[in-house]
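The numbers here are math on the coordinates, done by the rules we state, and not lab data. Since the model is a prediction, treat every value here as computed from it, not as a measurement. We place every Cβ from the backbone using ideal geometry, glycine too, and count neighbours over all the protein chains shown.
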Amino acid sequence: MKDDTIDALELLRSQHEEVESLIEEIEEADDPAAKEALFAEMADKLAAHSTIEEKILYPSVMIEKTRESLIEATEEHLSVKRLLADMMELAVDDEHFDAKLTVLKEQVRHHAHDEEEDQLFPQVRRMMNKDELAALGNEMLALFEMLIEREPRKRVPAETVEAAPLMM
Ligand SMILES: [Fe+2]
Ligand SMILES: [Fe+2]
């Protein structure tokens, strides 16, 4: 059954890898049209990834012990969204676009690896069994697939006022 083959944390980890490799492709792109298309793809995937974490993962694992790091995670998402919103206003050949891309890359790397993969995910793995992680993975994948059809990057500028709330 496909139902118990998705692990929530593996799903998120593979999305981190995909976003990071797209960032590298944007850095290497010479043609402005190709660079713009890669940026749109990366921004959509990063926006949808952030939303499934904010709406499903984070509230599901909110306990006294994780509270502080989850609040920090939503602040990091906010910072990344502000960069994305700024970049959406810039031409891809503006030197500030490249500078913001460098900052975005550093922030995504820190958030995805140091905060989530190294700290939060091991905590989540101790809180949930295999079936629970599979159910969570299915739920997040379904929402991601729905969001990704709708150019989710376009909702990012509206999410730059404050960090996403942790309770549903
Ligand atoms: Fe995150
Ligand atoms: Fe993440």
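Tabulated values for the structure
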{"item": "Filter pass, Lys130 being surrounded by fewer than 16 Cβ atoms within 10 Å (Cβ to Cβ), charged (D, E, K, R) and out of contact with any strand residue (DSSP E or B) (no Cβ under 6 Å at 6 or more places or on another chain)", "result": "yes"}
{"item": "Every pair of residues 6+ apart whose Cβ atoms lie under 8 Å, when the first sits in the stretch 58-71 and is exposed (fewer than 14 other Cβ atoms within 10 Å of the Cβ) while the second is part of a helix (DSSP H, G or I)", "result": "Ile63/Met127; Lys65/Gln123"}
{"item": "Which listed residue, of Gln15, Gln107, is surrounded by 14 or more Cβ atoms within 10 Å (Cβ to Cβ), more than 22 Å from Ala142 (Cβ to Cβ), under 12 Å from the mean Cα position of the chain (by Cα) and polar (S, T, N, Q)", "result": "Gln107"}
{"item": "Enumeration of residues in the stretch 82-123 that are away from ligand 1 (no atom under 12 Å from the Cβ) and closer than 22 Å to Ile63 by Cβ", "result": "Asp118, Pro122, Gln123"}
{"item": "Residue that is of a type in the set (Gly, Ala, Ser) and surrounded by 13 or more Cβ atoms within 10 Å (Cβ to Cβ), where the choices are Ala29, Ala99, Ala33", "result": "Ala29"}
{"item": "Residue identified as more than 14 Å from ligand 2 (Cβ to nearest atom), in contact with a helix residue (DSSP H, G or I) (Cβ under 8 Å, 6 or more places away or on another chain) and in a helix (DSSP H, G or I) among Leu38, Leu9", "result": "Leu38"}
{"item": "Contacts under 7 angstrom Cβ, first residue in the stretch 143-158 being closer than 18 Å to Phe39 by Cβ, partner surrounded by 15 or more Cβ atoms within 10 Å (Cβ to Cβ) and among the acidic types (Asp, Glu), 6 or more apart", "result": "Ile148/Asp44; Glu151/Asp44; Pro152/Asp44; Arg153/Asp44"}
